[in-house]
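Just below is one structure, and these are the notes that go with it.
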Amino acid sequence: QNPSHFFRCFRQQHFNTNMELSTYPGDFRAFKALITARIAGVEVAVKEVDAKGTTPNSVPVLSTANGDITQSNAIARYIARSRPEAGLFGQSFFQSAQVDSWIDWGTNNVELPAIVSTYWQFGWQSFNFQANKQALADLEAAFKHLEAHLLSRTFLVGQRLTLADIIVAAQLFYPLKLSLDAAFRQQFPATLRWFSFVTAIPAAAAVVGAVVYCKQAPSPPKGKAKAKKQKQPKQKQQKKKELSEGEKAEQAEAARKKKLAKKKNPLDLLPKSKFVLDDWKRTYSNSTTDYFKSMDWFWKNFDEEGWSIWLQEFNHDEENTTGFVVSNKIEGYNQRSIGIQKYAFGVMQVLDSKAAKGYYTVAGIWLIRGKDIEPMLDVNPESSVYTWSRLDHNDEATRKRIANYWCGEKDIDGFDCYDASIFK
């Protein structure tokens with residue numbers, strides 16, 4: 001049932017390694033092919049074209065010894081099939097059909113509304129309020145479908161990464177970067193976990209870079225100014241009242257921004273604390289020869305009324321079977337938590353439990369302003385895939401555990417440190 005024999009023969013007869021991909025920088029369609037090539041170990045040269053001098057749908061184009069291949073999905077499929085041993089079409093003919101099914105689903109249900117909701121922001125198409133509204137509704141429907149599927153799965157097909165994951169993640173890249181804010185994303189924690197996992201894989205990260213999520217949904221663009229005409233005052237007054245749907249949405253968004261601007265971060269409204277986070281971070285950073293020495297300063301200055309300490313445990317440790325992928329997971333989590341940097345410190349550990357359990361254990365201990373974990377959940381939607389437990393800092397064994405997480409490399413909850421990421 002494994003299709004590798006067919007594709008191996010196909011590769012021997014038709015595949016040539018001299019390939020060049022023409023595209024403009026940042027083309028999400030090219031991401032599909034470039035990530036696939038890196039995972040499959042296929043060398044593809046890139047020829048950059050001017051985004052302003054071409055239409056976005058005219059590239060990418062893959063030039064091969066046998067001729068050119070157009071259409072991004074076809075290009076990615078060609079590269080994936082050239083290296084069947086990479087397993088990007090699954091482990092059976094049935095799984096290869098599932099991969100194709102997801103690719104087609106993504107093109108119809110994700111890529112099309114993604115284009116409508118983002119291309120106007122690049123100036124590639126004019127803004128249409130109703131079309132954009134429908135595109136965002138279609139993306140929400142797509143996210144609901146993905147969320148239901150990924151609640152109990154790590155990948156779209158089978159137990160390994162496939163071309164389906166690569167293509168659908170690429171299609172979601174710009175909507176998540178430009179259009180879908182935190183309020184939208186927090187509804188879909190399983191989908192965000194999957195997307196973060198796929199884009200953190202080194203082959204993907206090398207192509208797309210660090211993923212920076214949309215902080216605030218974009219406002220509709222202002223309409224073009226119209227030529228002034230001599231009209232009677234009554235006519236001008238009547239025209240002023242007639243607003244387009246886009247202008248109404250713009251006014252509503254402006255009012256919302258003004259209201260938010262008046263609000264302070266709730267953590268800034270807490271009573272002043274004697275514990276100065278920057279002083280702690282400086283003390284900790286200067287203790288590089290022995291981090292444990294910094295703990296004396298910490299406990300001497302810790303303010304239990306103004307701060308709390310939390311244990312963070314990943315809910316899906318059974319997924320953590322590949323070391324470098326797990327390392328990318330904790331690094332990516334900390335990068336996406338930058339919004340709480342003024343109010344938190346933490347160390348995430350990858351514990352080397354693979355020999356004992358068959359997988360690595362991901363856990364961390366965090367210092368948070370206030371006595372609630374909600375600020376962390378608000379700033380990073382991925383926090384919802386972790387279990388958070390407040391620790392009793394007065395317990396001596398707990399203090400030792402905190403010190404081990406923050407400062408140690410051996411015997412951390414019974415395992416040695418495989419990798420760690422410090423948030424400060």
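The values are calculated or read from the model by the stated rules, or taken from the named source; none is laboratory data. These numbers were taken from a predicted model, which means no experiment stands behind them. Methodologically, a virtual Cβ is constructed for each residue, glycine included, from the backbone with ideal geometry; neighbour enumeration extends over all protein chains shown. Protein only, heavy atoms only, side chains kept; ligands, DNA and RNA dropped before computing areas. Shrake-Rupley method; radii C 1.70, N 1.55, O 1.52, S 1.80 Å.
Here is a check on your reading of the model: is residue 354 open to solvent by 20 Å² or more (accessible area, probe 1.4 Å), basic (Lys, Arg) and closer than 27 Å to residue 269 by Cβ?
Numbers: open to solvent by 20 Å² or more (accessible area, probe 1.4 Å): yes; basic (Lys, Arg): yes; closer than 27 Å to residue 269 by Cβ: no.
Spelling it out, it is not the case that residue 354 is open to solvent by 20 Å² or more (accessible area, probe 1.4 Å), basic (Lys, Arg) and closer than 27 Å to residue 269 by Cβ.
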Going through the range 372-384 in order, the residues found to be part of a helix (DSSP H, G or I) and surrounded by 19 or more Cβ atoms within 10 Å (Cβ to Cβ) are 375, 376, 381, 382, 383
I'd like to know if the range 394-404 contains one or more residues that are at pLDDT below 90 and in a loop (DSSP other than H, G, I, E, B). no
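Taking the criterion of being closer than 18 Å to residue 193 by Cα and not polar (S, T, N, Q), would at least one residue in the range 398-412 satisfy it?
Within the range 398-412, the first condition is being closer than 18 Å to residue 193 by Cα, and the residues that meet it are none.
For the range 398-412, residues closer than 18 Å to residue 193 by Cα and not polar (S, T, N, Q): absent.
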Output the residue which, of all residues in the range 398-424 that are without any contact (Cβ under 8 Å) to a residue 40 or more places away in the chain and either open to solvent by 70 Å² or more (accessible area, probe 1.4 Å) or closer than 18 Å to residue 315 by Cα (or both), is farthest from the chain's Cα centre (by Cα). 400
Residue count, the range 139-182, condition touching a residue at least 12 places away in the same chain (Cβ under 8 Å) and in a helix (DSSP H, G or I), comes to 28
Qualifying positions in the range 1-38 - open to solvent by 20 Å² or more (accessible area, probe 1.4 Å), at pLDDT 60 or above and either closer than 23 Å to residue 177 by Cβ or part of a helix (DSSP H, G or I) (or both): 25, 26, 29, 34, 38
Single residue of the range 133-162 satisfying the filter (surrounded by 14 or more Cβ atoms within 10 Å (Cβ to Cβ) and among the hydroxyl-bearing types (Ser, Thr, Tyr)) that is nearest to the chain's Cα centre (by Cα): 154
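For the structure I just gave you, tell me whether residue 387 is over 21 Å from the mean Cα position of the chain (by Cα) and of a type in the set (S, T, N, Q). Walk me through how you get there before you give the answer.
Details: over 21 Å from the mean Cα position of the chain (by Cα): no; of a type in the set (S, T, N, Q): yes.
Considered against the rule, which asks whether it is over 21 Å from the mean Cα position of the chain (by Cα) and of a type in the set (S, T, N, Q), residue 387 comes out as no.
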Scan the range 286-303 for residues that are more than 15 Å from residue 276 (Cα to Cα) and not in a helix (DSSP H, G or I) and report the count. 5
Residue in the range 264-284 that is modelled with pLDDT of 65 or more, outside any helix (DSSP H, G or I) and of a type in the set (Ser, Thr, Tyr) present: yes
Residue hits (the range 304-322; open to solvent by less than 20 Å² (accessible area, probe 1.4 Å), touching a helix residue (DSSP H, G or I) at 6+ places or on another chain (Cβ under 8 Å) and either of a type in the set (Gly, Ala, Ser) or not in a strand (DSSP E or B) (or both)) are 320
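Here are 369, 336: which of them is among the charged types (D, E, K, R), crowded, with 18+ Cβ neighbours inside 10 Å, within 19 Å of the chain's Cα centre (by Cα) and at pLDDT below 95? Explain how you work it out, then say what you get.
Values: 369 fails: within 19 Å of the chain's Cα centre (by Cα).
Within the list 369, 336, the selection yields 336.
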